[in-house]
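Okay, structure first, notes after.
The values are calculated or read from the model by the stated rules, or taken from the named source; none is laboratory data. Predicted model only: the values in this text are computed from it and were never measured. Cβ: placed from backbone, ideal geometry, glycine included. Neighbour counts: every protein chain shown.
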Amino acid sequence: MGVELIFNAANINMIAFSKVDASKQGWFFSLFLFVIVACESVVALLIFYMLNRQSGNSELDKADLLKD
């Protein structure tokens with residue numbers, strides 16, 4: 001969760017600074033970061049899904065089941 005907040009703060013800064021600059025580099029970089037954050041969220045959801053599928057619950061104490 002903390003990484004997503006950092007990426008969102010960076011996106012806001014890039015968009016704000018691109019208002020001063022005539023080029024749209026800040027917008028494109030922000031779009032790229034949004035794609036990275038979306039992929040990271042999908043990976044986290046898949047880890048919780050696999051944990052729930054293998055153990056029947058989503059307790060993080062039993063996360064060592066995914067090592068096999």
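Brief remarks follow.
- Flag if residue 37 is β-branched (Val, Ile, Thr), in contact with an Asp or Glu (Cβ under 7 Å, 6 or more places away or on another chain) and either exposed (fewer than 10 other Cβ atoms within 10 Å of the Cβ) or in contact (Cβ under 8 Å) with a residue 24 or more places away in the chain (or both): yes
- Options 46, 5; residue that is modelled with pLDDT of 85 or more, aliphatic (A, V, I, L, M) and surrounded by fewer than 12 Cβ atoms within 10 Å (Cβ to Cβ): 46
- Subset of segment 1-32 [of a type in the set (Asp, Glu) and in a helix (DSSP H, G or I)]: 4
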